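The values are calculated or read from the model by the stated rules, or taken from the named source; none is laboratory data. Since the structure is predicted, the reported quantities are computational estimates derived from the model, not experimental observations. Glycine gets a Cβ as well: all are built from the backbone with ideal geometry, and neighbour counts include every protein chain shown. When the accessible area is computed, the model is the full protein with side chains, heavy atoms only, and any ligands, DNA or RNA have been set aside. Shrake-Rupley method; radii C 1.70, N 1.55, O 1.52, S 1.80 Å.
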Amino acid sequence: SQIDDWISKAQQNSIDEIMMEICDNRDDIVNALCEKANTATPKDLALWEDIPDLLMAEAEIAAIEADDAAAANSGQITEETVKEWCLRAKIVLDSFEWVHWFATPVS
């Protein structure tokens, strides 16, 4: 129905906004996580908690930092930063059951 479509679209928009909040409003990082590491939702991000170094490598975060003039203003992204993002994702999952319904499709 049209209402179901509207709710689905609103939830997907919310997922995108939540990912931005989790990742300190770094759209370049959120895009890299999605495109390079197949990690576009809090559910996906939480799975990387124990291996933030691999997520950094997969998403090529060091290359983004090297190319990004804004990185100087927002601080260096370290494994600890990425681990913090993963912990934030887990908090979101614990707080909102519907967020569990969303995961990035594997291609």
* Structure fact -> Being among the β-branched types (Val, Ile, Thr) and closer than 17 Å to residue 99 by Cα narrows 22, 29 down to just 22
* Taking residue 27 as meeting all but one of (1) modelled with pLDDT under 95; (2) more than 10 Å from the chain's Cα centre (by Cα); (3) open to solvent by 30 Å² or more (accessible area, probe 1.4 Å); (4) not β-branched (Val, Ile, Thr), write down the number of the exception. => (2)
* Structure fact -> Checking 76, 12 in turn, the sole residue that is surrounded by fewer than 15 Cβ atoms within 10 Å (Cβ to Cβ), on the phi < 0 side of the Ramachandran plot and not in a helix (DSSP H, G or I) turns out to be 76
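Residue-by-condition table, conditions (1) in contact (Cβ under 8 Å) with a residue 60 or more places away in the chain; (2) more than 10 Å from the chain's Cα centre (by Cα):
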{"site": "6", "(1), (2)": "no, yes"}
{"site": "16", "(1), (2)": "no, no"}
{"site": "40", "(1), (2)": "yes, no"}
{"site": "48", "(1), (2)": "no, yes"}
{"site": "51", "(1), (2)": "no, yes"}
{"site": "76", "(1), (2)": "no, yes"}
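If you check 54, 45, 33, which single one turns out to be touching a Cys at 6+ places or on another chain (Cβ under 6 Å), at pLDDT 95 or above and either in a helix (DSSP H, G or I) or farther than 19 Å from residue 106 by Cα (or both)? Write out each step before concluding.
On the way: 54 fails: touching a Cys at 6+ places or on another chain (Cβ under 6 Å); 33 fails: touching a Cys at 6+ places or on another chain (Cβ under 6 Å).
Result of the check over 54, 45, 33: 45.
State all residues of the range 45-60 that are open to solvent by 20 Å² or more (accessible area, probe 1.4 Å) and within 18 Å of residue 91 (Cβ to Cβ); if no residue qualifies, say none. Working first, answer last.
First pass over the range 45-60, keeping only residues open to solvent by 20 Å² or more (accessible area, probe 1.4 Å): 47-51, 53-54, 56-58, 60.
Matches in the range 45-60: 47, 48, 49, 50.
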